[in-house]
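Peer 1: The structure that follows is given in the form of structure tokens.
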Amino acid sequence: MTISEKVAYLKGLAEGLNLDTEKSKEGKLISVMIGILEEVGLSIEDLEENAQALGEEIDVLSDDLADVESVVFEDEDEDDEDESEDYDDDWFEVECPTCEEPLIIDDKALAEGFIQCPNCETKYSLDLSDDTVEADDEE
Ligand SMILES: [Zn+2]
């Protein structure tokens with residue numbers, strides 16, 4: 001039995017007593033008290049509904065926040081992996097000055113200090129100071 005149902009029951013009892021709410025001071029007092037109880041009961045039911053709705057919204061927000069957290073932490077992990085991958089795959093491409101064939105400058109070529117064009121077989125020494133390819137004197 002909710003508060004409103006109890007108040008409705010009380011109101012029914014009062015009406016069954018045929019209280020004179022116009023001339024009887026006691027009857028008027030009881031009538032006013034029951035009216036106030038009805039309003040209080042309705043207010044409490046509204047508050048309970050609001051509290052339940054808020055609880056459900058908080059649950060939804062909590063789930064959404066968990067999704068955001070998983071995405072954020074996944075991105076951090078991926079960033080770490082990307083950094084190491086970028087380091088491993090550190091290379092760039094230049095055009096052969098002789099035959100315009102693309103030359104791949106990677107860690108191996110940088111370590112050896114020269115690169116040989118696979119097309120015209122011209123060797124180039126690698127100037128590490130500004131990452132440019134210059135024609136070797138041997139050519
Ligand atoms: Zn070439």
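What follows is calculated from the coordinates using simple rules that are stated; it is not laboratory data. The model shown is predicted, which means the values in this text are computed figures rather than measured ones. Positions of Cβ are backbone-derived with ideal geometry, glycine not excepted, and every protein chain shown enters the neighbour counts.
Peer 1: For the peptides 8-21, 59-72, what is the packing order when you average, over each peptide's residues, the other Cβ atoms within 10 Å and list the highest mean first? Kindly include the intermediate steps, with their values, before the conclusion.
Peer 2: Values: 8-21: 12.7, 59-72: 9.7.
So the order, starting with the most tightly packed, is 8-21, 59-72.
Peer 1: Sticking with this one: Would you list, by chain and number, the lysines whose Cα falls below 26 Å from the Cα of Lys6, excluding same-chain residues fewer than 8 positions away?
Peer 2: Lys25, Lys28
Peer 1: Let me ask another. For Lys108, give me every one of the lysines with a C-alpha distance below 19 angstrom, ignoring sequence neighbours fewer than eight places off in its own chain.
Peer 2: The reachable lysines, counting only those whose Cα sits under 19 Å from Lys108, are Lys123.
Peer 1: Could you work out how much longer the chain between Glu69 and Phe92 gets when fully extended? Use 0.36 nm per residue separation minus the Cα distance between them, nm to one decimal. Mind showing how you got there, number by number?
Peer 2: Details: separation 23, 0.36 × 23 = 8.28 nm, distance 3.56 nm.
Roughly 4.7 nm would be gained on extension.
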